[in-house]
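Chemist: Below is the structure I would like to discuss, written out as structure tokens.
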């Protein structure tokens, strides 16, 4: 079964989704990521979705679940690279993605995560 690579950078985990997500791949990513957070003691997760053309309700919920699980494991989540069509779809589906901060690109996302590691209250509950 194919897997989404998870890279470690500093105290962060980087996930770049470069393929269309199907349900099994999304579930595998959720499992792999939570295990990797614990194994590496990561403080934050950056998920790059710039290659995704569409996000359905299942994928939106999976992103929300990943953020919730990460938060329980003491790691913040930032999603970067969201296309306008994806943002529109998420809003139309009524998915607000609580606990997830967004940034336009990887550089901005990393800056946000670095600030969160220095000041943990920065990203609490998506504020």
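Chemist: One residue is enough: does the range 73-91 have a residue meeting the conditions more than 16 Å from residue 6 (Cβ to Cβ) and in contact with a helix residue (DSSP H, G or I) (Cβ under 7 Å, 6 or more places away or on another chain)? Walk me through how you get there before you give the answer.
Modeler: The first filter runs over the range 73-91 and keeps only residues more than 16 Å from residue 6 (Cβ to Cβ), leaving 74, 81-91.
If we keep only those that are in contact with a helix residue (DSSP H, G or I) (Cβ under 7 Å, 6 or more places away or on another chain) too, we end up with 90.
Yes, the range 73-91 has at least one match.
Chemist: With respect to residue 110, is the statement that it is within 16 Å of residue 14 (Cα to Cα), buried (at least 17 other Cβ atoms within 10 Å of the Cβ), out of contact with any helix residue (DSSP H, G or I) (no Cβ under 9 Å at 6 or more places or on another chain) and in contact (Cβ under 8 Å) with a residue 24 or more places away in the chain true?
Modeler: Spelling it out, residue 110 is indeed within 16 Å of residue 14 (Cα to Cα), buried (at least 17 other Cβ atoms within 10 Å of the Cβ), out of contact with any helix residue (DSSP H, G or I) (no Cβ under 9 Å at 6 or more places or on another chain) and in contact (Cβ under 8 Å) with a residue 24 or more places away in the chain.
Chemist: Looking at the structure I just gave you, is residue 41 surrounded by fewer than 19 Cβ atoms within 10 Å (Cβ to Cβ), touching a residue at least 24 places away in the same chain (Cβ under 8 Å) and either farther than 21 Å from residue 108 by Cβ or touching a helix residue (DSSP H, G or I) at 6+ places or on another chain (Cβ under 6 Å) (or both)?
Modeler: On the way: surrounded by fewer than 19 Cβ atoms within 10 Å (Cβ to Cβ): yes; touching a residue at least 24 places away in the same chain (Cβ under 8 Å): yes; either farther than 21 Å from residue 108 by Cβ or touching a helix residue (DSSP H, G or I) at 6+ places or on another chain (Cβ under 6 Å) (or both): yes.
Spelling it out, residue 41 is indeed surrounded by fewer than 19 Cβ atoms within 10 Å (Cβ to Cβ), touching a residue at least 24 places away in the same chain (Cβ under 8 Å) and either farther than 21 Å from residue 108 by Cβ or touching a helix residue (DSSP H, G or I) at 6+ places or on another chain (Cβ under 6 Å) (or both).
Chemist: Being under 15 Å from the mean Cα position of the chain (by Cα) and without any contact (Cβ under 8 Å) to a residue 40 or more places away in the chain is the requirement here; does residue 97 meet it?
Modeler: Values: under 15 Å from the mean Cα position of the chain (by Cα): yes; without any contact (Cβ under 8 Å) to a residue 40 or more places away in the chain: yes.
The answer is yes for residue 97.
Chemist: I'm told residue 121 meets every condition in (1) modelled with pLDDT of 85 or more; (2) in a helix (DSSP H, G or I); (3) out of contact with any strand residue (DSSP E or B) (no Cβ under 9 Å at 6 or more places or on another chain); (4) surrounded by fewer than 18 Cβ atoms within 10 Å (Cβ to Cβ) except one. Can you identify the failing condition by its number?
Modeler: (1)
Chemist: Among the residues of the range 84-104, which ones are touching a strand residue (DSSP E or B) at 6+ places or on another chain (Cβ under 9 Å) and surrounded by fewer than 12 Cβ atoms within 10 Å (Cβ to Cβ)?
Modeler: Pass one, the range 84-104, residues touching a strand residue (DSSP E or B) at 6+ places or on another chain (Cβ under 9 Å): 87, 97, 99-104.
104 - this is the single residue of the range 84-104 that is touching a strand residue (DSSP E or B) at 6+ places or on another chain (Cβ under 9 Å) and surrounded by fewer than 12 Cβ atoms within 10 Å (Cβ to Cβ).
Chemist: Look at the range 8-30 and say how many of its residues are surrounded by fewer than 18 Cβ atoms within 10 Å (Cβ to Cβ) and either modelled with pLDDT of 95 or more or touching a helix residue (DSSP H, G or I) at 6+ places or on another chain (Cβ under 7 Å) (or both).
Modeler: Number satisfying all stated conditions: 4.
Chemist: Given 50, 57, which one is at pLDDT below 95 and surrounded by fewer than 15 Cβ atoms within 10 Å (Cβ to Cβ)? Give the derivation first.
Modeler: Numbers: 50 fails: surrounded by fewer than 15 Cβ atoms within 10 Å (Cβ to Cβ).
Checking each option against the conditions leaves just 57.
The values are calculated or read from the model by the stated rules, or taken from the named source; none is laboratory data. Values in this document were obtained by computation on a predicted structure and should not be read as measured data. When we count neighbours, we look across all protein chains shown, and the Cβ atoms used for this are built from the backbone with ideal geometry, even at glycine.
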